[in-house]
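The values are calculated or read from the model by the stated rules, or taken from the named source; none is laboratory data. Values in this document were obtained by computation on a predicted structure and should not be read as measured data. Glycine gets a Cβ as well: all are built from the backbone with ideal geometry, and neighbour counts include every protein chain shown.
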Amino acid sequence: MTESRPVWPPHWPRALDARFGPPRPGAYRACPEDFLVEEVLGFSPEGQGEHLWLWVEKRDMTSAMVARELARACEVPSRSVGYAGLKDRVAVTRQWFSVHLPGREAPDDLPARLAERTLALLDTHRHPRKLKRGAHRGNRFRLRLTGEVTTAPGLDERWAWLCRHGVPNYFGPQRFGPEGRNLHRAVSLLARGWRKRDDPQGMLLSAARSYLFNVQLAARVDQGTWGSPLEGEVVILDGSSSQFVIERLDEALRDRAARLDIHPSGVLWGRGDSVARDAALASERDSLAAHQALCEGLERAAARLSRRPLRLRLTSPGLERDAEGAIWLSFELPPGAYATSVLRELIDHPTLNFRPSPSGDNEGGAPDAPTAAVQ
């Protein structure tokens with residue numbers, strides 16, 4: 001088969017268009033206060049230890065920027081600061097950071113130093129260990145929508161369907177950079193041979209793996225099977241990394257999938273053999289057949305094959321309208337999932353279709369949480 005280079009913008013289908021038609025135009029994130037994110041840690045710091053954990057609220061800053069400010073304010077090297085995940089910049093977010101401070105306290109004026117950088121220090125606790133990437137349970141979102149979509153019929157029905165059946169777990173536009181530049185750089189780098197010094201944070205490897213995953217998911221959305229296991233499917237338990245291969249697809253397994261207890265999965269490409277079988281393995285191979293050079297480049301780069309659910313469950317979902325007629329959505333997602341992938345099913349907006357907005361303000365930057373192969 002002829003090798004296909006990634007095209008941009010991609011044409012990855014929405015799940016709801018076949019049922020409800022395309023969504024109406026809408027706007028989101030007009031200001032950081034329209035995009036509220038709160039990290040859900042899932043456990044509590046122990047109250048003692050060499051690491052000071054800080055609960056920080058940031059506005060219009062990346063997590064990496066906050067980490068640098070904490071290192072500077074606490075007079076420690078950047079490697080002494082840890083955090084669980086990268087949060088959106090154009091947002092108001094609350095998340096945990098850790099600073100290695102053995103045998104000493106943080107500066108007395110730390111809250112004031114951070115306030116000068118529009119950061120609010122909300123709480124502190126001690127803990128024996130550094131906060132590692134991916135250690136949190138998830139992220140809670142509260143998002144404000146405006147525009148035509150708020151008065152046009154159909155949004156409530158689309159939202160209710162997603163709450164019952166789940167959301168395609170696409171990697172969002174942030175993973176690929178403005179106009180797909182991270183992906184294009186990844187293609188060139190993998191073609192000549194990936195070197196860590198050219199991609200020290202693994203951002204380009206992540207972009208390539210994410211693109212191939214989205215290609216697989218798009219094929220399953222086209223087929224209508226993104227939420228339904230195939231024979232030989234590797235399914236992942238909801239809210240867990242546990243997975244197993246379906247030896248025989250029966251009604252009990254179909255029922256578990258319908259209840260969002262298990263999810264079909266796709267490959268995050270790298271070295272190793274897929275354990276999928278039968279129809280599921282054929283689907284993976286067919287969807288990636290036109291991208292063998294990219295797959296081989298990832299294998300040469302020693303990325304490790306892993307898997308990601310094709311579907312997301314919306315935890316604790318809610319929809320309400322405010323006095324100004326705007327719509328507020330609330331929900332919780334697991335680490336590495338994108339709120340923009342939820343919004344893409346509900347509103348039409350250039351950035352959600354991987355195109356620059358008319359103003360040129362596109363979603364860019366690093367991924368929310370690196371995949372295991374590039375941590």
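Identify the residue in segment 205-240 that is of a type in the set (S, T, N, Q) and either in contact with a strand residue (DSSP E or B) (Cβ under 9 Å, 6 or more places away or on another chain) or not in a loop (DSSP other than H, G, I, E, B) (or both) and, among all such residues, is surrounded by the fewest Cβ atoms within 10 Å (Cβ to Cβ).
Q223
Of the residues E332, E324, only one is surrounded by fewer than 22 Cβ atoms within 10 Å (Cβ to Cβ), under 30 Å from T93 (Cα atoms) and under 20 Å from the mean Cα position of the chain (by Cα); which? Give the steps one after another, and end with the answer.
Numbers: E324 fails: under 20 Å from the mean Cα position of the chain (by Cα).
Going through E332, E324 in turn, just one is surrounded by fewer than 22 Cβ atoms within 10 Å (Cβ to Cβ), under 30 Å from T93 (Cα atoms) and under 20 Å from the mean Cα position of the chain (by Cα): E332.
Quick check: is even one residue across segment 260-270 surrounded by fewer than 17 Cβ atoms within 10 Å (Cβ to Cβ) and not assigned by TED's automatic domain parsing to the domain that holds L86?
Yes, that holds for at least one residue.
Do you know which residues across segment 69-83 are of a type outside the set (A, V, I, L, M) and either surrounded by 15 or more Cβ atoms within 10 Å (Cβ to Cβ) or part of a loop (DSSP other than H, G, I, E, B) (or both)?
E69, C74, E75, P77, S80, G82, Y83
Go through the residues of segment 288-299 one by one and say whether even a single one is assigned by TED's automatic domain parsing to the domain that holds L212, touching a Lys or Arg at 6+ places or on another chain (Cβ under 9 Å) and surrounded by fewer than 19 Cβ atoms within 10 Å (Cβ to Cβ).
The answer is yes; a qualifying residue exists.
Quick one: E105 ticks every box in (1) at pLDDT below 95; (2) charged (D, E, K, R); (3) in contact with a helix residue (DSSP H, G or I) (Cβ under 7 Å, 6 or more places away or on another chain) bar one, so which box is it?
Looking at each condition in turn, E105 falls short on (3).
How many residues does segment 139-158 contain that are part of a strand (DSSP E or B) and hydroxyl-bearing (S, T, Y)?
Total satisfying the criteria: 1.
It is to be established whether one or more residues within segment 159-182 are assigned to a helix (DSSP H, G or I), of a type in the set (V, I, T) and within 22 Å of the chain's Cα centre (by Cα).
no
When you look at V7, is it modelled with pLDDT under 95, under 30 Å from L288 (Cβ atoms) and in a loop (DSSP other than H, G, I, E, B), yes or no?
Taking the combined requirement at face value, the residue satisfies it.
Report every pair of residues separated by at least 6 positions or lying on different chains whose Cβ atoms are under 6 Å apart, first residue within segment 45-68 and in contact (Cβ under 8 Å) with a residue 24 or more places away in the chain and more than 15 Å from L114 (Cβ to Cβ), second part of a strand (DSSP E or B) and of a type in the set (D, E, K, R).
From residues that are in contact (Cβ under 8 Å) with a residue 24 or more places away in the chain and more than 15 Å from L114 (Cβ to Cβ), the pairs are G47/R126; Q48/R126; G49/R126.
Test R133 against the criterion of being assigned to a loop (DSSP other than H, G, I, E, B) and closer than 30 Å to P6 by Cα, and give yes or no.
It is true that R133 is assigned to a loop (DSSP other than H, G, I, E, B) and closer than 30 Å to P6 by Cα.
I want to confirm something. Restricting to segment 5-44 and keeping residues that are closer than 30 Å to E116 by Cβ, out of contact with any Gly (no Cβ under 9 Å at 6 or more places or on another chain) and not charged (D, E, K, R), which single residue is surrounded by the fewest Cβ atoms within 10 Å (Cβ to Cβ)?
For segment 5-44, the residue satisfying everything is S44.
Given the criteria touching a Lys or Arg at 6+ places or on another chain (Cβ under 9 Å), at pLDDT 95 or above and on the phi > 0 side of the Ramachandran plot, does G82 qualify?
For G82, the condition - touching a Lys or Arg at 6+ places or on another chain (Cβ under 9 Å), at pLDDT 95 or above and on the phi > 0 side of the Ramachandran plot - is not met.
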